[in-house]
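The structure appears below as structure tokens.
The values are calculated or read from the model by the stated rules, or taken from the named source; none is laboratory data. Model, not experiment: these values are computed from the prediction. Virtual Cβ from ideal backbone geometry, glycine too; neighbours counted across all protein chains shown. Keep in mind that these areas ignore ligands, DNA and RNA; they rest on the heavy atoms of the full protein, side chains included. Shrake-Rupley method; radii C 1.70, N 1.55, O 1.52, S 1.80 Å.
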Amino acid sequence: MGAAEKLKAIAQEIEVCTDCKLHASRKKSVPGEGPADSDLMFIGEGPGFHENEQGKPFVGAAGRFLEDLLASIDLKREDVFIGNVVKCRPPGNRDPQPEEIEACGKYLERQIEAINPKVIVTLGRFSMAGYFPDTRISKIHGQAKEIDGRLIVPMYHPAAALHQPSLRKVIEADFSMLPALIEKEASTSQPDQPAPVDPEQLELF
Ligand code: URA
């Protein structure tokens, strides 16, 4: 099965998932969207009001800021995969609970495996905690770290900048580093490069 089919199958499972209590109040699940072969993946926290209505990630105010941030590095939302830690809206936009994050983690893991992005940007503390437990976003935002063969870049959630305007410049500065990180990762990682040629085969030409 190709990556796009895998993502579709995961989304179909999410749509009917009842593995945590968030399913009871969902209108639409929000599996995430974007190219199945994206080099860059964003992981937010979970759907809010508008996402729950539309079944699409980051379509409210935070999403508009995310689109501005993407535009600042010459990208559109269609160019990247945008997902979330939990795929159903926590009621009243409360924080996702540990058992909900745990129940939904299998879907995120399978999405990452299918897409195999070179760079993952975590947006906010819940998404960060999956890679950097026991630390604070204020300490490590913008600092890329190689984990399991890809670069993980923790960043503030775009909604944080809407509540605290001084964070806008910080997240803009963190975003501005992304193109260089992606380029570096693309030039050093192997999986998309052709398999090495067998020297014996070369003798045939
Ligand atoms: N905030 C998130 O973390 N995810 C969304 O999809 C929308 C807002």
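Taking the options Ala24, Ala62, name whichever one is within 15 Å of the ligand (Cβ to nearest atom), modelled with pLDDT of 95 or more and either on the phi > 0 side of the Ramachandran plot or in a helix (DSSP H, G or I) (or both).
Ala62
I'm checking my understanding of the structure. Among residues of the stretch 106-129 that are within 20 Å of Cys20 (Cα to Cα) and free of Cβ contacts under 8 Å to residues at least 40 places away in the same chain, which one is surrounded by the most Cβ atoms within 10 Å (Cβ to Cβ)?
Top of the filtered list is Ala129.
Considering only residues that are touching a residue at least 60 places away in the same chain (Cβ under 8 Å) and either more than 13 Å from the ligand (Cβ to nearest atom) or open to solvent by 10 Å² or more (accessible area, probe 1.4 Å) (or both), which ones fall in the stretch 77-92?
Within the stretch 77-92, Cys88, Arg89, Pro91 qualify.
Can you find even one residue in the stretch 147-157 that is open to solvent by 70 Å² or more (accessible area, probe 1.4 Å) and touching a residue at least 40 places away in the same chain (Cβ under 8 Å)?
Checked the stretch 147-157: no residue is open to solvent by 70 Å² or more (accessible area, probe 1.4 Å) and touching a residue at least 40 places away in the same chain (Cβ under 8 Å).
From the list Asp74, Asp95, Asp39, which residue is open to solvent by 10 Å² or more (accessible area, probe 1.4 Å), within 16 Å of Cys20 (Cβ to Cβ) and out of contact with any His (no Cβ under 6 Å at 6 or more places or on another chain)?
From the options Asp74, Asp95, Asp39, the qualifying one is Asp95.
Quick one: which residue in Gly55, Gly2 is touching a residue at least 12 places away in the same chain (Cβ under 8 Å), more than 16 Å from the ligand (Cβ to nearest atom) and either open to solvent by 80 Å² or more (accessible area, probe 1.4 Å) or of a type in the set (Gly, Ala, Ser) (or both)?
Among Gly55, Gly2, only Gly2 is touching a residue at least 12 places away in the same chain (Cβ under 8 Å), more than 16 Å from the ligand (Cβ to nearest atom) and either open to solvent by 80 Å² or more (accessible area, probe 1.4 Å) or of a type in the set (Gly, Ala, Ser) (or both).
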